[in-house]
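Shown next, in structure tokens, is the structure this report addresses.
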2 protein chains.
Amino acid sequence: MTVMTQKPVQNKQTQIAKHLLVLGAFLQREASRITSDFGLTQQQFVVLKTIEEKGPINQKDICCSLMFEKSNVSKIVKKLKRDCLIDISSGSDDNRVSILAVTPKGRKILERGMELFNEWNSAWLKGLSNGDIKQAIMVLRNLVNLAR
Amino acid sequence: MTVMTQKPVQNKQTQIAKHLLVLGAFLQREASRITSDFGLTQQQFVVLKTIEEKGPINQKDICCSLMFEKSNVSKIVKKLKRDCLIDISSGSDDNRVSILAVTPKGRKILERGMELFNEWNSAWLKGLSNGDIKQAIMVLRNLVNLAR
DNA sequence: AGATAATAGTTGCCATGTCAACTAACCTGA
DNA sequence: TCAGGTTAGTTGACATGGCAACTATTATCT
């Protein structure tokens, strides 16, 4: 409840969300700088990574895992297929479903991309201690779970 | 350094970044659902909020504070001006600079928007204790500072 | 004093992500 | 068995955000 002449109050939960919005936008831009070398956006790279981690996998599960819009995932999958980074096969018991797996070419791009990300993330997060890092991972993992 | 047949390794810093990318995309979409009622995107709303918090302010400082791309901030400022949510005046000693402040109409939108955000954020973060919340704010604030 | 560099902000172009509507396949209940 | 509902994925339309190049102004250096 706000007082007329005061600044609109933001509760602590909204402070969390605001930081996530700002950090998210920043990292999306920086991550896309890295992935553009492979002709991919950062969302495309993250989808490829998810297919590699959890594959073989269908699009619905990718949507749930990453909380991406399904039309976006569909378009990304189409592009990754066109670039020969993934293979698509049919689900054996449901013809609507497509099963996705990373190709060797895709794996190579992932390997190189992860090297670059690991390097870059280590640099901007250089000021974090091991304790800070573990704490951050725990906090963020918890937030991801709440979002799902 | 990765072994040929194993999954590309991601270090802990990259785990942090990945969570931020996914949470950021999710919150951007959800936040835009809320702000679309005011004819604004979530980035536009965040800029308006920043002008209200730190104003009067120039565009360069908004770019630094939010780590947004300057052409984006310029376009957002133009739209907020067109919608009569902010006023623009010239810097007194540098004609390149424009000084931005929120109008009463803008303040009203902020107040209503913050109410909706506070509500929505409280809901999806319902599972967090007060200790979790404080810890999350501390972690995220630290990450924002490292990013700047 | 003037040339050059840097800065604050603007704009055109374009790829992307969202939204809504769609198709094809599967599930459920009568 | 079949109508209607639900689901997995696709696609068109469109607004937006990023990139690069730009203008106008200020700062710096010779």
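The values are calculated or read from the model by the stated rules, or taken from the named source; none is laboratory data. Just so it is clear, the structure is predicted and the values come from calculations on it, not from any experiment. Don't worry about glycine lacking a Cβ; one is built from the backbone with ideal geometry, like all the others, and counts go over all protein chains shown. Just so you know, the surface numbers come from the protein's heavy atoms only, side chains and all, with ligands and any DNA or RNA stripped out. Shrake-Rupley method; radii C 1.70, N 1.55, O 1.52, S 1.80 Å.
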In 10 Å bins starting at zero, report the fraction of Cα pairs in the protein assembly as shown per bin as a rounded %.
6, 25, 30, 24, 11, 3, 0, 0
Taking a 24 Å limit on the Cα-Cα distance, which of the listed pairs A:Lys18/A:Lys75; A:Lys134/B:Lys18; A:Lys49/B:Lys126; A:Lys12/B:Lys70; A:Lys18/B:Lys78 fall beyond it?
A:Lys18/A:Lys75; A:Lys49/B:Lys126; A:Lys12/B:Lys70
Summarise the accessible area of the protein assembly as shown (1.4 Å probe, protein heavy atoms) by the percent that is carbon and sulfur.
51
Amide hydrogen neighbours beyond the local backbone of A:Ile99, cut-off 5 Å, H modeled
A:Ser89, A:Ser90, A:Gly91
Could you tell me how many degrees, from 0 to 90 and to the nearest 10, lie between the Cα long axis of helix A:130-147 and the main elongation axis, the longest principal axis, of the Cα atoms of chain A?
80
Quick one: buried accessible area between B and A, total over both chains, 1.4 angstrom probe, nearest 100 Å²?
6400
When region A:22-148 is reduced to its Cα atoms, the Kirkwood hydrodynamic radius in Å
15.8
The FRET efficiency for B:Lys81 and B:Ser32, from their Cβ-Cβ distance with R0 = 22 Å and rounded to 0.05, is 0.60
Peptide A:22-35, shielding by other chains (average Cβ, 10 Å cutoff):
6
1/(1 + (r/R0)^6) with r = Cβ-Cβ of A:Glu53 and A:Glu115, R0 = 22 Å, i.e. FRET efficiency to nearest 0.05, evaluates to 0.85
From the backbone phi of region A:108-118, what are the Karplus-calculated ³J(HN,Hα) couplings (6.51 cos²θ - 1.76 cosθ + 1.60, θ = phi - 60°) in whole Hz, Gly and Pro given as x?
5, 5, 4, 4, 5, x, 5, 4, 5, 5, 4
Average partner chain C-beta neighbours within 10 Å, per residue of B:110-121?
5
